[in-house]
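Single-structure report; data block below.
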Amino acid sequence: MPQTFDHLHTGVWSFLDESQEERITRLYMPKWVSYEGASEALARMEHLLRHPPCGRMPSMLLYGDSDIGKTMIVDKFVRDHPNICNQFGEVEARKVLRLQMPSKPNDGRLYAQIIDGLGHNAPYTRRGTDLEILALRLLHRKPPKLMIVDEVHHLLAGTVREQRQSLNQLKFLSNELRMPVVALGTSEALYAMQADPQIASRFEPFALPRWHESAALREFVVSFGRLLPLHKPSPFGDKAIIQKLMVHSGGLTGKITSLLAQAAELAIRRKTESISLDLLIDAAAAGVFKIPAEQEIDDALA
C-alpha cells in the first residue's frame with residue numbers, strides 16, 4: 001500500500017524528496033501558524049492601517065514576554081503589506097515603516113533609525129535637530145500608512161525625562177503625519193507608557209499571554225507539526241506531548257516551535273521520521289542545534 005502524507009500540509013510534500021540536511025534546514029525556517037491571539041492582533045493592526053487620517057490617530061501597544069511571538073506577528077503583517085516599487089525597484093509608496101527603539105532613548109538616534117528605515121543613510125555626525133528635519137522631509141515625501149516601533153521597553157534605559165521625551169516624539173510623529181503607530185515591547189513597556197496619561201490614552205494595549213494547556217494550544221501544535229517535513233505522523237495532540245512542551249517552554253510560542261523543530265531534527269537524524277515523547281525529551285536535553293535559518297519558508301505555507 002503506497003504511503004500517504006495526509007499528516008502534512010500539501011505544500012510540504014515536495015520537501016520530503018530533499019536531502020537530509022536540506023530538510024533539517026527547512027525545519028528552522030520561519031513558519032506562520034495562525035492562532036486566536038495572533039489573528040486578533042493582526043486584525044487590529046489592519047484596522048489601524050486602514051483608519052482614515054484624523055487629528056488624533058489611534059495607536060497600539062503590542063506587549064508580552066520575550067519570545068512570545070510579537071516579532072512573528074509583525075513579520076507576517078509586513079509580508080502582507082509590502083512596499084509598492086517601480087520597475088527599477090525604487091519605493092513609490094510605503095505602507096509600513098518598521099524600526100527599533102534605540103537602546104538608549106535619544107531623539108537623534110530615533111530619527112536616525114527612521115532615516116535608515118526609509119532606505120537612506122543617516123548622517124550620524126549631524127545634530128539631533130538636523131536629523132529630525134531630514135527625517136520629517138523624507139516622511140512627508142512618501143508618508144507611510146503605519147509605523148511599527150519594536151523594543152519600546154528600551155525606554156526604561158533612560159531617565160524619566162528621556163522616556164517621556166521619546167514617547168512625546170512618537171506622539172508628535174503620529175500627529176504630524178496623521179499616521180498610526182504600533183509599538184512592541186515587554187510588559188515593562190506598558191508600565192513606561194502608563195506613566196504618561198496622554199500616551200496611555202493614545203496607545204491601546206494588547207497583551208499576548210503565555211500559553212496554557214488547552215485545546216487552542218493542541219490545535220496550534222498540531223498545525224505547526226503539519227509544516228515539519230517528516231515522512232511519518234507524530235502524536236502532536238497527545239496530552240503527554242502538550243504537557244512536556246509546556247514544561248520546557250514555559251508557554252512561550254517561540255520556545256514551543258523551537259523545541260518541535262529540534263525534535264524533528266532528531267527524528268530525521270535518527271531516521272524515525274516521527275516525534276515521540278522520548279524523542280521530545282531528548283531534544284529538550286540536547287538544546288538548540290546550530291542550523292542555518294536565514295531563508296524564509298515559502299509563502300505558500302504562510
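The values are calculated or read from the model by the stated rules, or taken from the named source; none is laboratory data. As the structure is a prediction and not an experimental result, all values here were calculated from the model. Cβ placement follows ideal geometry from the backbone for every residue including glycine, while neighbour counts extend to all protein chains displayed. Ligands, DNA and RNA are stripped out before the accessible areas are found, and what is left, the full protein with its side chains, is counted by its heavy atoms. Shrake-Rupley method; radii C 1.70, N 1.55, O 1.52, S 1.80 Å.
Some points to look at:
- Of all accessible heavy-atom area on region 31-98, the percent that carbon and sulfur account for (1.4 Å): 51 percent
- Overall, the ratio between the Cα radius of gyration of the chain and 2.2 N^0.38 Å, rounded to two decimals, is 1.13.
- Calculated FRET value between Q165 and A285, using beta carbons and R₀ = 51 Å, to 0.05: 0.60
- Divide the volume of the convex hull around the Cα atoms of region 1-157 by the residue count and you get 204 Å³ per residue.
- Relative to the Cα centre, the charge distribution of the chain, modelled as +1 at Lys and Arg Cβ and -1 at Asp and Glu Cβ, gives a dipole magnitude of about 800 debye.
- Interatomic Cα distance distribution for region 41-131, bins of 5 angstrom, percent: 2, 11, 16, 19, 20, 19, 11, 2, 0
- Computed over protein heavy atoms with a 1.4 angstrom probe, the accessible surface ordering of F15, F172, largest first, is F172, F15.
- Zone residues, region 130-148, relative to E90, backbone N less than 17 Å from point 7 Å out along Cα-to-Cβ: 138-143
- Tensor-based shape of region 123-185 (alpha-carbon gyration tensor, a/c under 1.5 rounded, otherwise prolate or oblate): oblate
- Net charge of the neighbourhood of P233, taken over other residues with C-beta under 13 Å away and scored Lys/Arg +1, Asp/Glu -1, is -1.
- Phi-based couplings in Hz for region 230-246 (Karplus 6.51, -1.76, 1.60; Gly and Pro marked x): 10, 6, 10, x, 10, x, 4, x, 5, 4, 4, 5, 4, 5, 5, 4, 5
- Rolling a 1.4 Å probe over the protein chains gives S19 an accessible area of about 60 Å².
- Mean accessible surface per residue for region 75-162, computed with a 1.4 Å probe while every protein chain stays in place, in Å²: 56 Å²
- Accessible surface, per residue, of region 164-249 when the full set of protein chains is kept, probe 1.4 Å, Å²: 45 Å²
- Rounded accessible area of T272 (nearest 10 Å², 1.4 Å probe): 50 Å²
- Across K76/K271; K76/K145; K104/K171; K31/K232; K70/K239; K31/K70, pairs whose alpha-carbon gap is larger than 23 Å: K76/K271; K70/K239
- By accessible area, using a 1.4 Å probe on protein heavy atoms only, region 241-286 has 52% of its surface on carbon and sulfur.
- Dipole of the chain computed with +1 at Lys/Arg Cβ and -1 at Asp/Glu Cβ about the Cα centre; of Y35, L134, I268, farthest Cα towards the positive end is L134.
- For K70, the accessible surface of its heavy atoms amounts to roughly 20 Å² (probe 1.4 Å, protein chains only, rounded to the nearest 10).
- Residue-wise HN-Hα coupling along region 37-45, computed from phi with Karplus coefficients 6.51, -1.76, 1.60 (Hz; x: Gly, Pro): x, 5, 5, 5, 4, 5, 5, 5, 5
- Between A183 and M60, L61, L62, V149, the built amide H atoms are under 5 Å apart, and every one of these is 5 or more places off in sequence or on another chain.
- Residues in region 158-199 reached by a label modelled at A207 [backbone nitrogen below 18 Å; 7 Å Cα→Cβ]: 183-195
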